[in-house]
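Written below as structure tokens is the structure these notes are about.
Coordinate-derived values only; no laboratory data. Everything quoted here is computed from the prediction, not taken from an experiment. Note: ideal-geometry Cβ built from the backbone for every residue, glycine included; neighbour counts use all protein chains shown.
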Amino acid sequence: MTGLLMHLPAISIALPLFSAFLFQLLGRHKKAKHILAISSITVLELMLILQLFHVASAGNSIYVFGSETPVVQLPSSYGIPIRISFQVDMFNAFLSVLTSSVMLLVIIFSLNSLKEDVGKFYVILMLMLTGMLGLLFTNDLFNLFVFLEILSLSTGIMVMYKANKFSVEAGFKYLVISSLSGLLFLLGVGFIYAQYGMLNISVLASIISIGLIEKIALGFMVVSLFLKSGIAPMHMWLPDAYGEAPEYSVLGVAMATLTCSYAFIRLLFVFSVGELGTLLILGGLLSAIIGSTMSLIQKNVNRLFGYLALAEIGFIVTAIGCGLISTESNLVFSTVSGGLFHMLNDVIDLGILFFISGIAIRIKNSKELDNLSGFGDNKILAVFFILAMFAVSGIPPMNGFLSKLIIYESTFAVSPLIPIILMISSIIILSSLVKVFYSIFNGKSNKKVPLNMMVVLFAAVIAMLVITLFPDAVINNLIKPVTDALITKSEYRSIVGV
Amino acid sequence: MRKEFSKPMVKSIWIFEWINSCGFSEVLPLDSSKFDMERFGIKAVSSPRHADCLLIGGYQTLKSIEIAKRIYEQMPEPKCVIALGSCPISGGMYWDSYNTVKKVDKYIPVDLWILGCPPRPEAIIDGIISLVNAINGGKND
Amino acid sequence: METYAGFWHVEWFLTAFIILFFITWLIKSLGDKKYKSGIQEDIFLSGHQEKEYSDYIGSENLYWGFKESLRRYYSLMKKMHNGIISEYIFWFYISILIVLTFITFGVI
Amino acid sequence: MWWITLIEIAVFPIVAILLGLLLLGIDRKVAARMQRRVGPPILQPFYDVRKLFIKDTVIPKKSTWIFDFMPLLSVVSLFIIILYLPFMGLSPVLHGDMVFILYLLILPSLAKVLGGISSGSPYAAVGSQREITNMMGYEFPLVTIIFFMSWKLFSFGVAKPFSVASFTSGVMWAGLGTLGIAGALLLLFVMLLVIAGELSRPPFDVSSAGEEIAGGITAEYSGRNLGLFYIADALKLIVLTTLVVVLFFPFGISGFLGIGGWFALIADSIFYFIKVLLLMIFSETVLKTSVSRLKVTQLVNAYWGSLLMLSLLGIFIIFIDMVLS
């Protein structure tokens, strides 16, 4: 058992990659491909949950590729031989479980809406998952760039999956944006490598002295990741990508964006670059405002939810920005825990919204808001939508309100203007969701919702209700260790034994 | 058939006006300070769903009577109809024209006729009070 | 749940919600329920016959009032989100410029 | 002692309904008196509600099941807010946050909007999207004032600046010079206008505009559902005036008169009633009789433009005053 635990970081990357290539061997047996996809993802999910508990109890676990005994501190002479290392702490273990469960839900959701090219879809999905998990676990800058490229390419192809005129254009834009951000990220990595001769994040973090070169390098790295996670002035590609992606796998694309935002949060906190905090706050506020106001005038459902996702990213980034700026310890703790808790809630709430719009689009096979009506008599869907609407816009009992309450009441100590703008944008989000409610849940047409979609919806709603009913439990033994893992830099660095 | 007006409803009658011609200029002063209908709890509402009394005034053409009938149907059950002025009674001064409805009673059951062409506000107030007394007195003729 | 400057207790909210929901349901059950079906169920369109097509107000002109009062802001936003890739990258270069000047001159 | 709160949870809403309907009656009477009319009897709202509960409740064919459920939700959410605010001068039954109350204030109008939208009638759809525009409008000045006051509490070093209990310690007038008093009065003026907007009273009643969109949101509601919305309107009046009492006039009278025990309770609640009455008259009865309706486009400009600037001006004045002293 301990052998498996030791090799978990490596296996969690290898499994989706390996199963991605298995699909080609299965040829035309659609049923076999479905089974393979679901089984491989569930096995991966169980392993990641196991890893989460292991890391929670036994602290960070590091995995160095290529050395004789994988779990060892880095060799003190951190020159040659250069080895790529993974480091799993509470933060990325939690996010990896979140990512793989989202991908599992996406696969079950899209079981019966895939016509003939089932293998192609699963290959892209598995590559996306590999990119995301690699991005989460890696402890090496260049390796981060490699996984960023894998993720961007596969997500770009996923956006283009429907291969009609609009989605190809949106996918093309996504690929151009991603390659540009990848290049500039590589530029930053090049500066660091020229200056220090090594690429390991933990080692660099412990010996780096922030001078001019390091600042410019970090600037390039962080801004290119801002672009990939769609923060305000560089967000225009995001609604196109969400609007045109196939309706059953939009949540996967959303998860890719959130994983990129994990990357720059990790870099900012590990290299403790405080100056960027104000910029993060400005970017977050701007994307909250643009996201909410633009979502009011949309006609395409998934585009509207894309702008909502942009506004939610604005909330998370503002909270993290306040965490970077402030110095007082429990203010930093509460802002960052608010941001991370909101990341969890936001994934679940947007997930429910995307699933409901996926069901509506699949039955009415049109993305325009006007001809999606006809679910008036479907009681369950209406209740789920109302709960998700309350959650996303933060109406009291639901889980969105919990994280927004933490964000408002901690960022307000930095400056009272921030929660005011965030609250206004969350009210505007509410009104754009009422608009979607008006166009979907009006008129009667007794169409039957496919079973697997309802199962996925139930799972997401149960997750939301668990957080709503037991906020203290979720915060104390999930969000608190995750935030500690992110904030206390010493833990992330000390593993290196320098 | 029609649910009868019960006593507690009398204290607050909400009227919905369906007035074509001159009647409206007479109903308007009812809200003014001279003939205040609000002291009887009477309020003009804007949707038949909220209304208790339908105020029909002015001459009704064949088209407008059909709409009046639909509005009457859409009012919740304990309801009454007040015909305002001489036009609903006998077509008023348009008695000889081809398309006015001579007698509204044939289409909509009218409870109260207020005479006058157009009836003065006092007459309207007096009519409504007599309706109120009729209901209080239990005579739902 | 303690936050930095406040608190939130779910259980009080839920107990109050359940009790009050029961009280309001009692109040509502005092009223009369029955109504005549048929024409009384049609929606009130100032007395006109209801048309066949389903909904009357398209979703894009639903918030006409809000859009109209923020007309300048929305025209600017439409220009910004026009879908031309070179525009997007233009904004990216501006942000890099801002971040680099910001980070090098250490303006807090 | 938890069973006392249970009893309070059950009793307070009924008291609130009676008080609210009484206030609405006085409101209509004062408005009539201002137009030199006799005006309806004070108990007119009670007769209206009783009549509405007797009438039939018509459910349109095109409306979904939400149409019937939403009046219930809007009344329940208003009941819950009353429990979290210091109602009748007593300390609040349940302890809550100001942000929580701000968000909960959205629920009644949201329930009304969802009901209006699912009633299938175009009048109600237009009415409800105007109500949402109104809601988006009045939130901005309201949120600025409340966050400024909690920031002021925070700068005084209060432990929990957002909880309602710390608000009732009279934060608004604490440590203010003459300039500060002027700023606070300006904020009070803005708050009164925001209250009128939230109750969708005449200058801001675009959502239930009788003439333009026949009956607005409640075009399709009748009988018992309409009765519930009538009660919800009365409760909202109570809730909002109590909110202003919490923000601006939280001090009780019993401490001043120095009487204890039950008399203090009664004296406090009477003083509370007088405060609420005066606030209601100045905030929306005066407005109802003097100003006509704004267009929808002017609505958001009025809130986000003039009212917001006024509140920022008030905050700026108070800030200068704090700096000077």
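Tabulated results
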quantity: Qualifying lysines (Cα of each under 22 Å from Cα of residue A:120; at least 8 residues distant if same chain); calculated: A:30, A:31, A:33, A:162, A:165, A:173
quantity: Gaussian network model of chain D, springs between alpha carbon atoms under 10 Å - residue of D:252, D:197, D:216 with greatest fluctuation; calculated: D:252
quantity: Separation of alpha-carbon centers, the range A:1-52 and the range D:44-107, rounded to whole Å; calculated: 52 Å
quantity: Top of C:59, C:69, C:29 by mean-square fluctuation, Gaussian network on chain C, Cα under 10 Å; calculated: C:29
quantity: Euclidean distance between Cα centres, the range A:160-193 to the range A:250-305, Å; calculated: 17 Å
quantity: Rounded to the nearest 20 debye, dipole of chain D from Cβ charges on Lys, Arg, Asp, Glu; calculated: 640 debye
quantity: Distance histogram in 10 Å bins (all Cα pairs of the range B:1-91, percent per bin); calculated: 16, 47, 32, 4
quantity: Residue range of chain D that is longest and free of trypsin sites (Lys or Arg not before Pro) which are both DSSP loop and sparsely packed (at most 13 other C-beta within 10 Å); calculated: D:62-294
quantity: Antiparallel %, DSSP beta bridges [both residues in the range B:7-137], to 5; calculated: 5 percent
quantity: Qualifying aspartates and glutamates (Cα of each under 17 Å from Cα of residue A:444; at least 8 residues distant if same chain); calculated: A:370, A:377, C:41, C:42, C:50, C:52, C:55, D:68
quantity: Charge-dipole axis of the range A:274-498 as Lys and Arg at +1 and Asp and Glu at -1 on Cβ define it, positive-most pick from A:460, A:340, A:442; calculated: A:442
quantity: Cα lying deepest toward the dipole's positive end in chain C, options C:16, C:105, C:44, charges on Cβ; calculated: C:105
quantity: About the Cα centre, charge dipole magnitude for the range A:93-194 (Lys/Arg +1, Asp/Glu -1 at Cβ), debye; calculated: 260 debye
quantity: Partner chain coverage, peptide D:74-87 - average Cβ within 10 angstrom; calculated: 4
quantity: Selection from A:478, D:238, D:39, by position along the positive dipole direction of the protein assembly as shown (Cβ); calculated: D:39
quantity: Averaged over D:107-120, number of beta-carbon atoms from partner chains that fall within 10 Å; calculated: 4
quantity: Sparse-neighbour loop sites [chymotrypsin sites (Phe, Trp or Tyr not before Pro); the range A:385-452; at most 15 other C-beta within 10 Å; DSSP]; calculated: none
quantity: Kirkwood Rh in Å, taken over chain C so that all alpha-carbon pairs contribute; calculated: 22.3 Å
quantity: Nearest 10 degrees, 0 to 90: helix A:141-159 Cα axis against chain A principal axis; calculated: 10 degrees
quantity: Listed residues D:133, D:242, D:297, most fluctuating in chain D (Gaussian network, C-alpha, under 10 Å); calculated: D:297
quantity: Alpha-carbon centroids, the range A:88-132 and the range D:154-223: separation in whole Å; calculated: 48 Å
quantity: Above-threshold pairs, the threshold being 27 Å between Cα atoms, out of B:7/C:34; A:379/D:51; B:63/D:61; D:62/D:288; B:34/B:106; B:63/C:33; calculated: A:379/D:51; D:62/D:288; B:34/B:106; B:63/C:33
quantity: Cross-link partners of residue A:215 among aspartates and glutamates (Cα-Cα below 13 Å; sequence separation of 8 or more within a chain); calculated: A:275
quantity: Cα centre as origin, Lys/Arg/Asp/Glu Cβ charges: the protein assembly as shown dipole, Debye; calculated: 1800 debye
quantity: MRE, 222 nm, helices only [DSSP H, n ≥ 4, -39500 (n - 2.57), over the protein assembly as shown, to nearest 500]; calculated: -21000 deg cm²/dmol
quantity: Square roots of five times the Cα gyration tensor eigenvalues for the protein assembly as shown, Å; calculated: 58, 34, 24
quantity: In the range B:77-141, chymotrypsin sites (Phe, Trp or Tyr not before Pro) in a DSSP loop with at most 14 other beta-carbon atoms within 10 Å; calculated: B:95, B:98
quantity: On Cα atoms only, tilt of A:250-270 relative to the major axis of chain A in degrees; calculated: 30 degrees
